[in-house]
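Chemist: Got a structure here, written out as structure tokens. Questions coming.
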Amino acid sequence: MHNVLLVIHVLSVIVWLGAGVGATFIGSRLTAEGGEIAVKWLHLSETLGSRLYGPASGLTLLSGIGLVLTTDAYSFGSVFVILGMTVWIVLAIANGAYAGRQEKKLLKASEEGDEPTRRETTGALNRFLLVQYILLVAVVVAMIYRWGA
């Protein structure tokens, strides 16, 4: 069971982080174009949170908890487990409280042709996402090396 949970955990992280980085890379270029292509991308992007990132991050958390419960090699007190769960909680709150509102603001600015707001919001959102991905990569490194196990 432990190995099955480990595969699920790794694959869900790949989906969460990989799709996020890819969407950020593609999305920033499409939104920079402005106009109809930006609006279409932003409408699609709105659905990614609930249909892709949310389920992948949730599965990451649940499989991670399952991994801790099925081994004696580490525990909920291990540094990498605490780090992973803390970053998961922080990102869940930050995405709900900040990123979602920023995406709606960006969509509205793009639909209305408000270029200054569109540029400012795109920059703020991209900076937020960069910090998010740095945190996720740091957690991946901590888990690979099982810091504090």
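The values are calculated or read from the model by the stated rules, or taken from the named source; none is laboratory data. It should be emphasised that the depicted structure is a prediction, and the values quoted were computed from it without experimental measurement. Here Cβ is always computed from backbone atoms with ideal geometry, including for glycine, and neighbour counts include all displayed protein chains.
Chemist: Check off (1) β-branched (Val, Ile, Thr); (2) surrounded by 14 or more Cβ atoms within 10 Å (Cβ to Cβ); (3) in contact with a helix residue (DSSP H, G or I) (Cβ under 8 Å, 6 or more places away or on another chain) for VAL90 and give me the number that stays unchecked.
Modeler: Among (1) β-branched (Val, Ile, Thr); (2) surrounded by 14 or more Cβ atoms within 10 Å (Cβ to Cβ); (3) in contact with a helix residue (DSSP H, G or I) (Cβ under 8 Å, 6 or more places away or on another chain), VAL90 violates only (2).
Chemist: Would you point out the residue of segment 40-62, among those that are closer than 22 Å to PRO116 by Cβ, buried (at least 18 other Cβ atoms within 10 Å of the Cβ) and not aliphatic (A, V, I, L, M), that is modelled with the highest pLDDT?
Modeler: TRP41
Chemist: Specify which of the listed residues (ILE65, ILE37, ILE14, ILE89) is more than 30 Å from ASP114 (Cβ to Cβ), more than 15 Å from the chain's Cα centre (by Cα) and not polar (S, T, N, Q).
Modeler: Within the list ILE65, ILE37, ILE14, ILE89, the selection yields ILE65.
Chemist: Another question, if that's okay. Out of (1) among the hydrophobic types (A, V, I, L, M, F, W, C); (2) under 25 Å from GLY123 (Cβ atoms); (3) buried (at least 16 other Cβ atoms within 10 Å of the Cβ), what's the single condition that is false for ILE26?
Modeler: In the conditions (1) among the hydrophobic types (A, V, I, L, M, F, W, C); (2) under 25 Å from GLY123 (Cβ atoms); (3) buried (at least 16 other Cβ atoms within 10 Å of the Cβ), ILE26 misses (3) alone.
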